[in-house]
Structure formats: C-alpha cells, structure tokens
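The values are calculated or read from the model by the stated rules, or taken from the named source; none is laboratory data. Fair warning: this is a prediction, and the values are worked out from it, not measured in the lab. Positions of Cβ are generated from backbone atoms using ideal geometry, with glycine treated the same way; all protein chains shown enter the neighbour counts.
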Amino acid sequence: MTKPVLIVGAGLSGAVIGRELAEAGHLVRIIDRRSHIAGNCHMARDEASGVMVHVYGPHIFHTNDDEVWAYVNRHMTFMPYVNRVKTTSNGRVYSLPVNLHTINQFFGKTLGPDEAKAFILSLSDASIGEPVTFEDQALKFVGRELYEAFFEGYTRKQWGCSPRDLPASILKRLPVRFNYDDNYFSHRFQGMPEHGYTEMVASILSHENIEVELERDFVRADAEGFGHVFYSGPLDGYFDYEFGRLGYRTLDFEEFRHDGDYQGCAVMNYGNADVPYTRITEHKHFSPWETHERSICYREYSRACGPDDVPYYPIRLSGEQALLAQYVARARMEENVTFVGRLGTYRYLDMDVTIREALDTAQSYIGAVTGNLRP
Ligand code: FAD
Ligand code: UDP
C-alpha cells in the first residue's frame, strides 16, 4: 500500500488531481486555507437577489479540448452561454472583441469585411515588425485610434503600467474579427455550469478516498506521513518568500445592487483611464436560464497585490522572471513535492488548461508510482 497523498488547495488543480489519484486507489487528503472549495472559481448564491455570484470575478468556461469538455460535463450540466462583452469609451458603447460592428460603429462607416480589412491595414503602423510590446501589437493590428479608445486606458488600469512595458502576448489573447461575430472567445466549446463551479468541484471531490479539510493553512510539517505533496498555493509562499515576493495584481470588487436590470449585459468594460474601474459585471446575466427581478453587480478595480491580498494576475515582467527562475530552481530541489496550478507555477491559466494540466500531472504520478502508464 502506498502512503496517502497530501494536496494543498481545493481549487480546480487540487480537486482534479485528487479525483484522478483517488480513482487510481490512492488515499487523498486535501487542505485549503479558505472556508470554501473551488478556489477562485468559487460561486455563491446571493440571498437577497437569489443570483449566483462569481465571488472572485467572472468565469466563463471555454475550451477546444474534447477530453476536458467531457470531464466537466460529467460533473455538471453546462448551459449554453456565449460571452458577449461590451465596452464604454468616450461616452459611447461598442462591441468587443474588435469586430466589424465595432469598426463600423467607431468610424461611422458601413464597410464590408474586405473593405474593413483594407481600412484597418491602412491605419496599422507599418514600421512595426514582429510586435514585442502590448502597444506594438495594438498599433500593428488595430491602429492608434482603436488602441487609445479601447486598450490603452483599460490596460493601464488593469496592469498599473504603460502598455509599452507589457508583452504583446497579453493582447494576443483577444482576436480582431472582420465579420459580425462578437463571441469573446474562439473555442469550439463554451458554457456555464448550471449550478455554479463550486457544485461542480464538489462533485469532483465526492469520492470515498478523498478527505477535505477547509480553513487549514499549509505548513511544511503537514507533509509528514504523506508519500507526496501536490501544492497549488503560491510558489514563493511555499519557501516563505526567501528570495522576495513574486508580483501579482489583485482585484477589489465594489458591490452594488439594483432593482431590475442594471446594464443589460454580463460584462461592460470601461476603456477610458479617467473611469477608475476596469469593468462592471452584472452577475445574473451569466445565468440567463434563471429569472431574477433584483440584481447584484461588481465594479472591478485592479491594483498591486499586498501581502494580505488575494493574488489574481501574475505580472511576469522582467524583474519577476529573474525571481521566478530562482524559485523554480529551488522547487526542483524539493523532493516529493509537485508545484501545480496558477499559483504553484506562477502563470495565468484558464480553467480548461488548469484541468488539462491537472489530468496530465495526476497520470504521470500514477504512472511513476505503479510503473504502469495509461495507454
Ligand atoms: P486557485 O483557484 O487559485 O486555487 C488554489 C487554492 O489553493 C485556493 O483555494 C487557495 O485558498 C488554496 N491555497 C493557497 N495557498 C494555500 C495554503 N498555503 N494552504 C492552504 N490552501 C492554500 N479561466 C477561464 O477559463 N475563464 C474565465 O473566464 C476566467 N476568468 C478569470 C477571471 C479572473 C479575475 C481570474 C483571476 C482568473 C480567471 N480565470 C478564468 C482563471 C481561473 O481562475 C483559473 O484557471 C483557476 O482558478 C485555477 O485553479 P487553481 O486550482 O490552479 O488555483
Ligand atoms: N484589454 C483591454 N481592453 C479591454 C479588454 C482587454 O485593454 O476592454 C486588454 C487588457 O490588458 C487585458 C488583455 O487585453 O489584460 C487581455 O484581455 P482578457 O479579456 O483576456 O483579460 P483577462 O481575462 O485576463 O482579464
């Protein structure tokens, strides 16, 4: 009989690894410092309005990974949902991501797809080769006017620095479309869990070999008696910040209520820097199959993450990269510990990627322990 396994964190990473190991016959203990499971995907029903709230910010599930899509659907019914984001800039509302409607609305034109392509190309900064910075990427692919209206101010608020100091990869997450497709994502599968992600994670954790303890902060001594630790907490935190703290952005959510429908959509971004928040989310629109008279909304503000704040977005600028390299080298020396998930590997990971990595991590552990890799 192999020793039981300790998993730190009951978010998606910890839950999926725990379930795979439990099904392979391992005894699994999962601890989490929070009072709930599901990590940052946690959702809770607001008593006053009855609305399901995305407590740590809006989470929409989207993926191209058939196995991951089948996995989540085994644990929860996914309702059809397409993320259609709007943005307010200079007192007007536009459609995001930049698509033919945005272009025609913004420039007051009636262009067809090919005309719009040629028009945007004429606005593009031709002196930019392969874009390195966020600003280069924007100037090359949408031109200065759209960049200033939708991306420059928002990005300064979101990241607390100039888009010139950020990598092009951040903007590459967003498509530019020359048709009227206003789906924020381009993946084949997209949806929302009927009863929320917390219920979905509860189903993943529901196995006789899994024991969960909440409100339990990990200390190294907890690892005693376990054959292996999967750690999905902050990488620098595991080493008591011995080289310093890896930088994160944190978010503040200012809650407000409204009778009826506040903004008519789930997510309204604010492109201008003089509006202090980045976006407003109206939670009831994330569950359009439910009916609620009253509404609960979050104004979302981004700022530098202090020691007692929730770490949300890893910054990963050049200073952080050097620090990260030190921690990664240190982590490699740690025996019987695997660092997983968005905090353990200090990367922005979408939920589907998190699940994919968790499935793969669990399978390689099971393979290594039993000497028997899954065919
Ligand atoms: P987490 O969810 O952070 O879970 C880690 C868990 O470990 C937490 O519960 C924490 O309490 C616990 N923990 C940490 N340290 C300790 C410790 N020392 N002791 C005990 N417990 C500890 N992805 C999408 O696919 N679609 C989206 O729309 C989307 N929107 C997002 C919006 C925002 C604002 C953010 C920040 C992320 C979004 N994501 C989205 C990404 C998604 O949140 C992650 O993919 C997911 O949360 C990763 O799961 P995880 O288990 O790795 O980490
Ligand atoms: N972004 C922007 N304006 C918007 C939406 C996004 O400038 O209205 C930028 C911002 O820098 C953000 C990046 O594009 O970090 C990627 O957008 P995404 O919606 O993927 O951000 P996330 O889901 O990480 O909040």
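For the range 20-38, give me each residue that is in contact with a Pro (Cβ under 8 Å, 6 or more places away or on another chain) and outside any loop (DSSP other than H, G, I, E, B).
Residues satisfying the conditions are Val28, Arg29.
Can you name the number of the only condition in (1) surrounded by fewer than 18 Cβ atoms within 10 Å (Cβ to Cβ); (2) touching a strand residue (DSSP E or B) at 6+ places or on another chain (Cβ under 8 Å); (3) basic (Lys, Arg) that Arg279 fails?
(1)
May I ask you to list the residues in the range 52-93 that are out of contact with any helix residue (DSSP H, G or I) (no Cβ under 9 Å at 6 or more places or on another chain) and among the hydroxyl-bearing types (Ser, Thr, Tyr)?
Listed by number, the residues that qualify are Thr77, Thr88.
Looking at (1) within 16 Å of ligand 2 (Cβ to nearest atom); (2) of a type in the set (Phe, Trp, Tyr); (3) surrounded by fewer than 15 Cβ atoms within 10 Å (Cβ to Cβ), which one does Trp289 not meet, given that it meets all the others?
Just one mismatch for Trp289, condition (1).
State all residues of the range 232-247 that are within 16 Å of ligand 2 (Cβ to nearest atom) and over 20 Å from the mean Cα position of the chain (by Cα); if no residue qualifies, say none.
Across the range 232-247, there are no qualifying residues.
Does the range 324-375 hold any residues that are part of a helix (DSSP H, G or I), away from ligand 2 (no atom under 16 Å from the Cβ) and hydroxyl-bearing (Ser, Thr, Tyr), and which are they?
Of everything in the range 324-375, those that are part of a helix (DSSP H, G or I), away from ligand 2 (no atom under 16 Å from the Cβ) and hydroxyl-bearing (Ser, Thr, Tyr) turn out to be Tyr327, Thr361, Ser364, Tyr365, Thr370.
What about Ile103, is it out of contact with any strand residue (DSSP E or B) (no Cβ under 9 Å at 6 or more places or on another chain) and either within 16 Å of ligand 1 (Cβ to nearest atom) or of a type outside the set (S, T, N, Q) (or both)?
yes
Yes/no per residue for (1) surrounded by fewer than 17 Cβ atoms within 10 Å (Cβ to Cβ); (2) touching a residue at least 60 places away in the same chain (Cβ under 8 Å); (3) in contact with a Phe, Trp or Tyr (Cβ under 8 Å, 6 or more places away or on another chain); (4) not assigned by TED's automatic domain parsing to the domain that holds Leu12:
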position: Pro58; (1), (2), (3), (4): no, yes, yes, yes
position: Val68; (1), (2), (3), (4): no, yes, no, no
position: His101; (1), (2), (3), (4): yes, yes, yes, yes
position: Ser124; (1), (2), (3), (4): yes, no, yes, yes
position: Ala138; (1), (2), (3), (4): no, no, yes, yes
position: Phe141; (1), (2), (3), (4): no, no, no, yes
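Here are the criteria: (1) buried (at least 19 other Cβ atoms within 10 Å of the Cβ); (2) modelled with pLDDT under 95. Tell me which single one Arg173 does not satisfy.
(1)
Every residue in the range 230-266 that is more than 15 Å from ligand 1 (Cβ to nearest atom) and polar (S, T, N, Q), please.
Correct list: Gln263 only.
So Ala118 clears everything in (1) more than 16 Å from ligand 2 (Cβ to nearest atom); (2) part of a loop (DSSP other than H, G, I, E, B) except one condition, right? Which one?
Result: Ala118 passes all but (2).
Considering only strands (runs of 3 or more DSSP E) fully contained in the range 194-298, which possess at least 1 residues that are over 30 Å from Gly91 (Cα atoms) and touching a residue at least 12 places away in the same chain (Cβ under 8 Å)?
210-213, 228-231, 248-259
When you check Gly233 against the structure, is it assigned by TED's automatic domain parsing to the domain that holds Val337 and in contact with a helix residue (DSSP H, G or I) (Cβ under 7 Å, 6 or more places away or on another chain), yes or no?
When the stated conditions are applied, Gly233 passes them.
At pLDDT below 95 and more than 13 Å from ligand 1 (Cβ to nearest atom): does that describe Leu166?
yes
Hey, among the residues in the range 143-159 that are under 23 Å from Ser318 (Cβ atoms) and in contact (Cβ under 8 Å) with a residue 40 or more places away in the chain, which one's surrounded by the fewest Cβ atoms within 10 Å (Cβ to Cβ)?
Arg156
Name the single residue that is surrounded by the most Cβ atoms within 10 Å (Cβ to Cβ) among those in the range 1-19 being assigned to a loop (DSSP other than H, G, I, E, B) and more than 9 Å from ligand 1 (Cβ to nearest atom).
Taking the candidates together, the pick is Pro4.
What residue, among those in the range 32-56 that are among the aliphatic types (A, V, I, L, M) and under 22 Å from the mean Cα position of the chain (by Cα), is surrounded by the fewest Cβ atoms within 10 Å (Cβ to Cβ)?
Ala44
In the range 168-180, what count of residues is obtained for those that are within 16 Å of ligand 2 (Cβ to nearest atom) and in contact (Cβ under 8 Å) with a residue 60 or more places away in the chain?
4
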